[in-house]
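Shown next, in structure tokens, is the structure this report addresses.
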């Protein structure tokens, strides 16, 4: 048994190794982390197997994430470190560690990845119950979230670690797949579902001399598809793609647009890094949470939230200046290789698990 337990808030595919060997999907972060840290993995099926009838009751009442937190709690005495892959697991685990006590011996260190804590329901656990005492290290993807955690709950800065997000830079890379023979010459892509402002993109694309393809699927977002019920311009199409086909869309496109609602976390970062890894420039809404990846004019362009005219002008600029667009795309790829690849991500986190 390893010294580290790493949660997977999902179900690990039984065909994962086969899919990786066949090149049908990128390496998942949890697999790279598990291999680098020497960690055991526990997903939803593993949590069910570990908790029996009580686990079934907890899952029925509190859901799968509560079940996974409970499984970590009852396994905790066997590990020196528990690494939760998001606050959806980390918050209930911190509650259990704080209020059910520790079952003898020293409490394991609790490391937690943070997506967003600056929302009402989550803040209550920290404001009223002080559960940050049982989270030893917060890993945040947004500097805005880092400052928020430190300022609101007086958490020392060395316990709130900013780390850039990551992408499998071997799967997503220029030349990984050739452009499709029938792809439009002036194709723009947009990807994802979480807090996307597609109404602004649709308005900006109307009448433009270029085609826009929007891949709206998301494997985890519960947010609505904001293209639904909209008047779709004739030069815009929507689709749902897996990661393999999504890579082809990036290869076929001149650049990507990431239209976002003004939220305080890194919505859209997965697709942004995938496009950059493919050597594509990115036009992105400048939000409170999405300022830590793109440098304006270097890797792409920022536009204000909800500004149709600014987005339209940015899209036209990149379509009409392919040399500039290519330069930005190559700069983005360089940034991925130097700072935001999956390998670099794992290397940064590894010292905190020791």
Inspect region 121-130 for any residue being surrounded by fewer than 17 Cβ atoms within 10 Å (Cβ to Cβ), outside any strand (DSSP E or B) and either assigned by TED's automatic domain parsing to the domain that holds residue 246 or modelled with pLDDT under 95 (or both) and give the result as yes or no. yes
Within region 19-39, tally of residues that are in a loop (DSSP other than H, G, I, E, B) and closer than 26 Å to residue 241 by Cα: 7
Among residues of region 326-338 being surrounded by fewer than 16 Cβ atoms within 10 Å (Cβ to Cβ) and in contact with a helix residue (DSSP H, G or I) (Cβ under 9 Å, 6 or more places away or on another chain), the residue farthest from residue 173 (Cα to Cα) is 338
Could you look through region 45-102, keep only residues that are outside any helix (DSSP H, G or I) and in contact with a helix residue (DSSP H, G or I) (Cβ under 6 Å, 6 or more places away or on another chain), and pick out the one that is nearest to residue 13 (Cα to Cα)? 84
Per the filter on region 44-61, residues under 25 Å from the mean Cα position of the chain (by Cα) and either farther than 16 Å from residue 73 by Cβ or not assigned by TED's automatic domain parsing to the domain that holds residue 72 (or both) are 45
Being in a loop (DSSP other than H, G, I, E, B), touching a strand residue (DSSP E or B) at 6+ places or on another chain (Cβ under 9 Å) and surrounded by 24 or more Cβ atoms within 10 Å (Cβ to Cβ) is the requirement here; does residue 267 meet it? yes
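Condition check ((1) surrounded by fewer than 16 Cβ atoms within 10 Å (Cβ to Cβ); (2) in contact (Cβ under 8 Å) with a residue 60 or more places away in the chain; (3) outside any loop (DSSP other than H, G, I, E, B)) across all residues:
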| site | (1), (2), (3) |
| --- | --- |
| 180 | yes, yes, no |
| 193 | no, no, no |
| 201 | no, yes, yes |
| 230 | yes, no, no |
| 245 | yes, no, yes |
| 249 | no, yes, yes |
| 256 | no, yes, yes |
Among residues belonging to region 135-144 that are outside any strand (DSSP E or B) and in contact with a strand residue (DSSP E or B) (Cβ under 6 Å, 6 or more places away or on another chain), point out the one that is surrounded by the fewest Cβ atoms within 10 Å (Cβ to Cβ). 143
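The values are calculated or read from the model by the stated rules, or taken from the named source; none is laboratory data. For clarity, every value in this text was computed on a predicted model and none was experimentally measured. Here the Cβ is made from the backbone with ideal geometry for all residues, glycine too, and neighbour counts use every protein chain on show.
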